[in-house]
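Note sheet for the following structure.
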Amino acid sequence: MTHGSVFRVFDEDFATAKGGSLPGLSGHDDHLLDAYSQAVIGAAEKVSPAVVFIDALHRLKGRRQADPRFPREARGSGSGFIFTPDGFILTNSHVVHGASQIEVVLSDGPRVIADLVGDDPDTDLAVVRIDAPNVAAAPLGDSNAIRVGQLAIAVGNPYGFQCTVTAGVVSALGRSLRSTSGRLIDSVIQTDAALNPGNSGGPLVNSRGDVIGVNTAVILPAQGICFAIGINTAKFVAGRLIKDGKIRRGFIGVSGQNVPLPRRLVLAHSLPAETGIQVVAVEPNSAAERAGVREGDVIVAYGAHPTAGIDDLHRLLVEEQVGVRAPMTIVRRAEKRVLDIVPEESPTRG
């Protein structure tokens, strides 16, 4: 490249910054860039009035609470968004779980006390409510209708900077994410819209400003790998939390680990998978103990469904299975057995 061409490039960049257009850019390209900006602006303006800052106070427990060298309380913060005109707010469970006091700062400034309606660590979702009628509510979209590559806009309060807007695309669909409870959260959206601490619980929206996900996690130190829980999952969980304050799931009372099965065992018993769940411990007085499950057993099926790993079993132990007798297939010392088991309701986590 000659010196003249270098100066010409600099001149073109300056002209672009000043509002001109490059000789190589068509009017159509300019229009596309303007349309992108307008889409982000429109979506942000539509959803931002519903986005809130959440300040949660946690009282420390155990030895640290009794130690005078440490404070007895700790604060955590995150984001959320109002999704009904009567003040129901969606956020992440890890933002408000176990909080002794929750305060919400609205987009137009007021700070109000919020009540915890319910939270579900298994999906990292929670609902809180404020006494503020006729507040702006974010419209909820359909996470089953989104496509990889479409525009994704995140609004939240990273590091306390209120109503920060970032934009990117939907990078992938159908991801799974491990919750703090150990269960997998399915149908998670991956996006490269920048998320930081404090974005947790805020909305991920499409170009129309409809919420398609609840921002929940980033992978550090990776750049541009962020995750949101699909809004269809959030709708279901929020409905149950508003109705019952919790989500009911089946619980059988075993701890286990995924293990490979010997090939000869798979062939001998026509097992549906080459891996299973080896029982490491059985809780006393649990459904598993009453069914006759022992340490060392390998669970290979629940009902008519194979259980190649712990996550398969978790997916099967839904609310509808609580109190319902089902056959559970195990392998014990190379012998296949079928035990009848009646799942209980999963205990509440403190």
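The values are calculated or read from the model by the stated rules, or taken from the named source; none is laboratory data. Nothing here was measured: the structure is a model prediction, and the numbers come from that model. Cβ: placed from backbone, ideal geometry, glycine included. Neighbour counts: every protein chain shown.
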Problem set entry | Selected residue (criterion: farthest from E344 (Cα to Cα)) from residues of segment 304-327 that are in a loop (DSSP other than H, G, I, E, B) and among the small types (G, A, S) | A308
Problem set entry | Residues that are touching a strand residue (DSSP E or B) at 6+ places or on another chain (Cβ under 6 Å), buried (at least 18 other Cβ atoms within 10 Å of the Cβ) and small (G, A, S), drawn from segment 238-262 | A238, G256
Exercise. Can you pull out the residues in segment 327-343 that are more than 22 Å from Q257 (Cβ to Cβ) and either surrounded by 15 or more Cβ atoms within 10 Å (Cβ to Cβ) or among the acidic types (D, E) (or both)?
Worked result: D340, V342
Problem set entry | Every residue from segment 292-305 that is of a type in the set (G, A, S) and closer than 16 Å to E335 by Cα | G292, G296, A301
Exercise. How many residues does segment 68-126 hold that are touching a strand residue (DSSP E or B) at 6+ places or on another chain (Cβ under 6 Å), surrounded by fewer than 18 Cβ atoms within 10 Å (Cβ to Cβ) and of a type in the set (S, T, N, Q)?
Worked result: 2
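The rows are residues; the columns are (1) outside the structural domain of D122 (by TED's automatic domain parsing); (2) modelled with pLDDT under 85; (3) out of contact with any Cys (no Cβ under 9 Å at 6 or more places or on another chain).
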site	(1), (2), (3)
D11	no, yes, yes
S21	no, yes, yes
D67	yes, yes, yes
G98	no, no, yes
Exercise. Residues that are surrounded by fewer than 16 Cβ atoms within 10 Å (Cβ to Cβ): which strands (runs of 3 or more DSSP E) entirely in segment 142-212 hold 2 or more of them?
Worked result: 164-178
Seminar exercise, completed: Of the candidates E289, E283, the one satisfying the condition of being surrounded by fewer than 18 Cβ atoms within 10 Å (Cβ to Cβ) and under 14 Å from M328 (Cβ atoms) is E289
